[in-house]
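The values are calculated or read from the model by the stated rules, or taken from the named source; none is laboratory data. Everything numeric in this text was worked out from a predicted model, so none of it was measured. Ideal geometry is used to build each Cβ from the backbone, glycine not excepted, and the neighbour counts take in all protein chains shown.
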Amino acid sequence: MYRILAKEFLSESVFKMEIEAPMIAEARKAGHFIILRVDKNGERIPLTISGSNSTNGSITIIVQKVGLSTMKLAQLKVGEYILDVVGPLGNATHIAKTGTILCAGGGVGVAPLLPIAQALKAAGNRVVSVLAARNKSLIILENEMRDASDEVIIMTDDGSYGQKGLITHGLEEFIGREKINEAVVIGPAIMMKFASQLTKKYNIPTMASLNSIMVDGTGMCGACRVTVGGKTKFVCVDGPEFDAHQVDFDELLLRLGAYRDLERNAIVKGPFSLTQ
Amino acid sequence: MITPDIISSERNQPWREEIRKTIKQADRTKIERLHMPEQSANIRNRNILEVNIGLTSEMALSEAKRCLDCVNPTCINGCPVNINIPKFIKKIEAKDFLGAAKVLKETNTLPAVCGRVCPQEVQCESQCFYTLKLNKPAVSIGNLERFAADFERNSGSVSIPEVEKSNGIKLGIIGSGPAGLAAAADLTKWGYDVTVFEALHEIGGVLKYGIPEFRLPNIIVDVEIETLRKLGVKFETNFLVGRTATLEQLRNIGYKAFFIGCGAGLPNFMNIPGENFVGIFSSNEYLTRINLMGASREGFDTPVLSGKNVAVIGGGNTAMDSVRTAKRLGAERAMIIYRRSLEEMPARKEEIKHAMEEGIEFLCLQNPTEYFADENGRVSKVKVQKMELGDADSSGRRKPVPIEGSEYIIDVDTVIVSVGVSPNPLLSKSLPELKTTRWGTLVVDENTLETSIPGVFAGGDIVRGGATVILAMGDGRKAASAMNEYVKQYVKEI
Ligand SMILES: Cc1cc2nc3c(=O)[nH]c(=O)nc-3n(C[C@H](O)[C@H](O)[C@H](O)COP(=O)(O)OP(=O)(O)OC[C@H]3O[C@@H](n4cnc5c(N)ncnc54)[C@H](O)[C@@H]3O)c2cc1C
Ligand SMILES: Cc1cc2nc3c(=O)[nH]c(=O)nc-3n(C[C@H](O)[C@H](O)[C@H](O)COP(=O)(O)OP(=O)(O)OC[C@H]3O[C@@H](n4cnc5c(N)ncnc54)[C@H](O)[C@@H]3O)c2cc1C
Ligand code: SF4
Ligand code: SF4
Ligand code: FES
């Protein structure tokens, strides 16, 4: 049982939660994630660790409500418990000093991006970031990202905040302005697809953190498999970060949609049951 | 270890002699082997209740009478944990069912599990006097084992083995499958402070996430785990050794020796075109969603895709479990596609027979070569190539050879790839000093099961590749005694 120490809504659909998990807090590095299960009938869902605190032994997650499990999680209050939390999972981000790094975060993808940007900055890189979302209320962690970056551009689809336009516009602005040595793109699969097509055009080595559907998170099931450079990889143990220019994003998009209809039903009429 | 001397002195006890005298040997051999009662095929293929219902007391008594209580009970050699088989069977004949269960527990931590899933026909029962000398069906050792274990559980008076005085020495077990559980049981009985670390949220390994309810209900496993808890075994779930903490960190907080029983959990795929389409699963994923996560059951959040036309690729136990599960989830066509012939199928004969009765189609000597999908990326067709048997390969089985131009298309909406597992490299990657074979299994000393790291022992599927529950348990016990020796020496030295 893992106690919730703090909870805060960053936007209407995105919330931040601090969970007591001392061993994970100690072991985790930027790029790692956890898998949690809200209650005894719950599913196992992967979430990036966006920060930790060694004084109170807690980890922080930032979650967007998209379906049943994230909604159940959002309903839990401070002082209540999450049944299962396991981690840290995945490979930590390789952090090195390479020069100027362009960080691109779409929607709740900014949550996993933040610890990476912080670590890159701490390693002495110049960090320039583009944060993008559909509208102003979905821009999260702006202040934290400003602290971790030398410069930030904000893009919204509807122009309600920052500049109006897609994330790729912001990226091109930086690319046109200065030499970019590397890029990191994290967000919805469709955004990562277009962002990495752009960086490929400019020959900028790019890393993407993939958000495939998972079950165990330990390499046991293969639910998370993606094609990278023509080979099948398991995101949970081989990733979650890969060379974005090698990732088959179209396949990832299809696989992410696998349960769309079933999940929608789960919310509308409660969990489904099959013929007995 | 059970020795011939122990076996024969047990056999000479007065109660055993008396039981033997009640019926003439010749009359015993005339009794017919009883068939395990089961749910009828067309009902059971629509529910998740156990297929085998279990023997009644009368049936168990009759079957127990068949056992000849041989002077040289060869059956014991066929059992990887050397259960004193005639002793427990004669306890049943003496109507001391609880006593029979106690005998089982002398050497087997999970008798209710083994009685259900052991491939008895190639283990204990293959070495029974009836099989070897009389050319008659063996005594139903597995069914009797299940009977005694179930009787004890249902009686509510489960015996907890005696535990020696605590010696305060901490030992770590990595993985809660049958190998880890067997090691934990012995070490706890000898007074050690034992903690089992498990990556998943449930204890039991494949017994929980792999083998379906209709062959091994989770409740049976839970009761056995409860017994271990009462014995004093501690369990840490959600603990991935190598990640949550490393072995070194555990050593630093006082663990003196370890047993690795982390299984062979990495699913193999065939690497053919289209294998990542939606609706194509590894059997591990498919079974885990259903068995561990409760998918398809009322009230559980985890979804699973299971369609009307389901193809399962492979011919092992895992393939049988997957295809029979698919049928139970409503498949109209549930098919096994297997590249060799029925005779070569590695699954247990009983499972193949049960599957056939339940309406599973067997497409043997066929192999998938490519998958096709609809506009949503959901698998819709599989291209299958026919095979013929050529010369024997290194495993002694005749090698399947593709027949040119024989490809054809089968409509499917779900595919379960069940072509074996490889050892999961996660733990060994975190321990560079740990020696592995080129298949990724751990290298161990054959007598002590010690790995290349002193004080770290290993057994079960991580050493053998895919094997059986009882072999994993045998390893767990063997390693436990070697750990005991290791610690005695180690503690003396400091
Ligand atoms: C390594 C990793 C790190 C992640 N980190 C974060 C994070 O920090 N914050 C966060 O909010 N989310 C993160 N995600 C995504 C998160 O796991 C999913 O949003 C969550 O599982 C959805 O569960 P649900 O039951 O609420 O929604 P569901 O009802 O399961 O799904 C709702 C919709 O989301 C889609 N979906 C389902 N599972 C996923 C998934 N794993 N990823 C993306 N879409 C999915 C479905 O197709 C469906 O349309 C991460 C995913 C991975 C693999
Ligand atoms: C579907 C299926 C059906 C089968 N049917 C039969 C049958 O009928 N009869 C039979 O005898 N055998 C059967 N088997 C084989 C049998 O289940 C295995 O041989 C046996 O379970 C192996 O036991 P184990 O203890 O080595 O590992 P497992 O049972 O695989 O357990 C290993 C455990 O370790 C955990 N783990 C792994 N890494 C770590 C880590 N780093 N830290 C913490 N925990 C970790 C895993 O999560 C898992 O729970 C079947 C197997 C499958 C998959
Ligand atoms: S444990 Fe398995 S092999 Fe041993 S006696 Fe029981 S059924 Fe036979
Ligand atoms: S070999 Fe068969 S008949 Fe003889 S003791 Fe064993 S089970 Fe009984
Ligand atoms: S989530 Fe199961 S293998 Fe990656």
Restricting to the stretch B:380-431, what's the tally of residues that are surrounded by fewer than 19 Cβ atoms within 10 Å (Cβ to Cβ), part of a strand (DSSP E or B) and within 16 Å of ligand 5 (Cβ to nearest atom)?
1
Report the residue count in the stretch A:58-110 for those that are away from ligand 2 (no atom under 16 Å from the Cβ) and closer than 19 Å to A:LEU5 by Cα.
21
Have a look at B:ALA112, B:ALA100 and point out the one that is crowded, with 23+ Cβ neighbours inside 10 Å, more than 16 Å from ligand 2 (Cβ to nearest atom), away from chain A (no Cβ under 14 Å) and of a type in the set (A, V, I, L, M).
B:ALA100
From A:LEU47, A:LEU68, A:LEU89, residue being free of Cβ contacts under 8 Å to residues at least 24 places away in the same chain and closer than 23 Å to A:ALA258 by Cβ
A:LEU47
Would you confirm whether any residue within the stretch B:370-381 is assigned by TED's automatic domain parsing to the domain that holds B:SER283 and within 18 Å of B:GLY315 (Cα to Cα)?
no
Could you tell me whether the stretch B:69-76 includes any residue that is more than 30 Å from B:ALA183 (Cβ to Cβ) and surrounded by 13 or more Cβ atoms within 10 Å (Cβ to Cβ)?
yes
Which of the residues belonging to the stretch A:58-92 are away from every other protein chain (no Cβ under 13 Å), part of a loop (DSSP other than H, G, I, E, B) and more than 15 Å from the chain's Cα centre (by Cα)?
A:LEU76, A:LYS77, A:VAL78, A:GLY79, A:GLU80
Candidates A:GLY124, A:GLY106 - the one that is under 27 Å from A:THR206 (Cβ atoms) and surrounded by fewer than 23 Cβ atoms within 10 Å (Cβ to Cβ):
A:GLY124
For the stretch B:436-473, how many residues meet the condition of being among the hydroxyl-bearing types (Ser, Thr, Tyr), surrounded by fewer than 20 Cβ atoms within 10 Å (Cβ to Cβ) and under 24 Å from B:PRO119 (Cβ atoms)?
1
In this structure, does B:SER422 turn out to be in contact with a Leu (Cβ under 9 Å, 6 or more places away or on another chain), among the hydroxyl-bearing types (Ser, Thr, Tyr) and modelled with pLDDT under 95?
yes
Checked B:GLY254, B:GLY242, B:GLY330 against criteria (modelled with pLDDT under 95, surrounded by fewer than 23 Cβ atoms within 10 Å (Cβ to Cβ) and within 8 Å of another protein chain (Cβ to nearest Cβ)); the one match is B:GLY330
Just to be sure before I move on: is A:ASN41 in a loop (DSSP other than H, G, I, E, B), more than 16 Å from ligand 2 (Cβ to nearest atom), within 14 Å of chain B (Cβ to nearest Cβ) and over 13 Å from the mean Cα position of the chain (by Cα) in the structure I sent?
yes
Output for Cβ contacts, cut-off 7 Å, separation at least six or different chains, first residue over 16 Å from B:LYS24 (Cβ atoms) and acidic (Asp, Glu) in the stretch B:60-79, second at pLDDT 95 or above and part of a helix (DSSP H, G or I), reads B:GLU63/B:ASN143; B:GLU63/B:LEU144
Filter the stretch B:87-97 for residues that are more than 12 Å from ligand 3 (Cβ to nearest atom) and under 13 Å from B:PHE147 (Cα atoms); the one that is nearest to the other protein chains (Cβ to nearest Cβ) is B:PHE97
If only one of B:VAL443, B:VAL417 is β-branched (Val, Ile, Thr) and within 14 Å of another protein chain (Cβ to nearest Cβ), which one is it?
B:VAL417
Residue among B:PRO37, B:PRO4, B:PRO14 that alone is away from ligand 3 (no atom under 15 Å from the Cβ) and within 30 Å of B:ALA331 (Cβ to Cβ):
B:PRO37
Regarding the stretch A:174-194, can at least one residue be identified that is within 16 Å of ligand 5 (Cβ to nearest atom) and either closer than 27 Å to A:ALA119 by Cβ or under 16 Å from the mean Cα position of the chain (by Cα) (or both)?
no
Residues to consider are A:ARG225, A:ARG255; find the one that is at the interface with chain B (Cβ under 10 Å from one of its Cβ atoms), modelled with pLDDT under 95 and within 19 Å of the chain's Cα centre (by Cα).
A:ARG255
Could you tell me whether the stretch B:119-141 includes any residue that is in a loop (DSSP other than H, G, I, E, B), within 16 Å of ligand 2 (Cβ to nearest atom) and more than 14 Å from every other protein chain (Cβ to nearest Cβ)?
yes
Got a number for residues in the stretch A:213-222 being over 17 Å from A:ALA258 (Cα atoms) and more than 7 Å from chain B (Cβ to nearest Cβ)?
1
Considering only the stretch B:292-324, state which residues are in a helix (DSSP H, G or I) and either hydroxyl-bearing (Ser, Thr, Tyr) or within 13 Å of another protein chain (Cβ to nearest Cβ) (or both).
B:LEU292, B:THR318, B:SER322
State yes or no: is B:THR109 farther than 20 Å from B:SER8 by Cβ, assigned to a helix (DSSP H, G or I) and of a type in the set (Ser, Thr, Tyr)?
no
Residues (surrounded by 10 or more Cβ atoms within 10 Å (Cβ to Cβ) and under 30 Å from B:LYS478 (Cα atoms)) located in the stretch B:1-58:
B:ILE2, B:PRO4, B:ILE6, B:ILE7, B:SER8, B:SER9, B:GLU10, B:ARG11, B:GLN13, B:ARG16
Which pairs have Cβ atoms under 7 Å, sit 6 or more apart or on different chains, and link a residue in the stretch B:271-291 that is touching a residue at least 12 places away in the same chain (Cβ under 8 Å) and more than 9 Å from chain A (Cβ to nearest Cβ) to one that is more than 16 Å from ligand 3 (Cβ to nearest atom) and among the basic types (Lys, Arg)?
B:ASN291/B:LYS208
